[in-house]
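Scroll down for the structure; my scribbles are underneath it.
The values are calculated or read from the model by the stated rules, or taken from the named source; none is laboratory data. In this text the structure is predicted, and so the values were computed from the model without any measurement. Because the Cβ atoms are built from the backbone with ideal geometry, glycine has one as well, and the counts that use them run over all protein chains shown.
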Amino acid sequence: MKSTFVRLTALWKKELLALGRDRLGLAALFLMPVIFILVMSLALADSLSGQHEARVAFAVLDLDGSPPAKLLDERLVASEVLARHEAPADEGQARRRVEARELAFVVVIPAGFGAQIGANHAPTLRFLLDPAVPGMLREGFRQHVEVAATRVWLEYALERLGSAMMLPQLRHATQHVGPPAIALEAVGGAVTLPSAVQQNVPAWLIFSMFFVVVPISAVFIGERQHGTLQRLATQRVPFGLVLAGKFVPFVLVNQLQALAMVAVGRWGVPLFGGEALVMPSGAWMLAAWWTVSLAVSVAAVGWALLLASLARSSEQATVFGGVGNILMGVVGGVMVPRFVMPAAMQPWTRLSPMDWALQGFHDVMLRHGGMADILPAAGALLCFGLAALAVAALLEHRTSLP
């Protein structure tokens with residue numbers, strides 16, 4: 001046991017020394033995500049490209065049942081942007097469907113809506129929404145509902161006032177009536193709606209963590225070409241132990257990346273006029289955040305070690321690692337948010353480890369969840385990373401057999 005620990009410690013030291021010599025690899029790990037966060041957080045502060053092609057899921061919950069409420073229900077139809085789903089049975093079911101990410105919005109028409117219309121008052125409405133919905137998308141849907149509610153109010157006002165002789169009364173009746181009052185409630189416990197930087201930092205942090213494949217492959221292939229792995233094999237050092245020797249140092253590098261990205265979001269983005277990153281408050285929520293971060297590191301390093309063990313040249317590692325990460329990022333909602341994907345494609349995002357990681361971070365940062373909320377995502381990431389390590393060790397064992 002003591003001999004194994006000594007050898008493992010020596011392997012860790014060797015990896016840190018090799019990593020320290022690879023300055024370009026370290027620069028790619030730290031500078032690339034810093035640039036991504038600065039540029040993307042500022043560029044997406046007020047808009048999100050591609051939203052016009054989105055099919056955003058919404059539903060209407062009518063708690064009033066009056067004719068004006070039914071008319072508003074009819075006005076809120078599906079469009080090229082909006083996909084209307086079946087109405088929930090009650091508010092509890094509406095919240096569950098939003099928490100399950102089946103719906104992005106639920107428009108709640110409260111009891112008394114029709115009475116407000118009849119009394120010539122501005123109607124009140126409530127939105128239940130997923131806090132991970134981008135801000136511009138949220139405002140666009142809000143305006144859509146405001147227009148529909150205003151049209152309903154005007155139609156009933158015209159019906160009451162009726163004739164052309166009473167048009168002056170109509171102008172007098174409408175001059176103090178503003179747009180509908182809409183209260184937004186982020187389902188999941190969020191006190192305030194998230195900023196662009198809160199949505200972008202987790203996404204680009206995940207993407208940058210998975211690019212640990214670049215320095216790992218460089219070290220791995222260099223050791224193979226220089227005969228280091230063969231010498232370790234002749235000394236009866238199991239390949240699984242070699243992988244473990246690389247695992248811990250690169251997980252440590254990933255966590256330093258996480259610290260750097262948090263610092264950029266917290267202090268760097270405001271220097272360029274953007275909003276500061278707000279980290280979860282409370283020890284348990286911070287612990288949940290770092291648990292997700294650690295689980296992402298395990299998945300990223302495990303995946304990188306698997307690809308590095310399969311690649312036989314730097315070119316192969318670059319192609320497999322780079323293209324694989326980009327594909328996982330696109331499918332997993334890092335590069336293209338799930339809300340702007342076609343409805344048929346959205347279920348496929350769950351196949352990407354980057355989606356699991358993104359949902360874990362969102363559960364803490366946007367939905368204010370705790371340790372229990374992130375366990376499914378963190379558990380899936382840990383299993384993925386350990387499975388990748390096991391496959392890498394198994395493949396190496398088979399190829400080494402005579």
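Here are a few things to note about the model shown:
- Complete set of residues in the range 106-122 that are in a loop (DSSP other than H, G, I, E, B) and touching a Gly at 6+ places or on another chain (Cβ under 9 Å): 111, 122
- Any hit, the range 92-113, residues being at pLDDT 90 or above, polar (S, T, N, Q) and over 18 Å from the mean Cα position of the chain (by Cα): yes
- Qualifying residue in the range 98-105 (condition: within 16 Å of residue 180 (Cβ to Cβ) and either part of a loop (DSSP other than H, G, I, E, B) or touching a residue at least 12 places away in the same chain (Cβ under 8 Å) (or both)): yes
- Pairs are defined by a Cβ separation below 8 Å, a sequence spacing of at least 6 or placement on different chains, a first member in the range 301-325 that is within 18 Å of residue 250 (Cα to Cα), and a second member that is acidic (Asp, Glu); the pairs so defined are 309/396.
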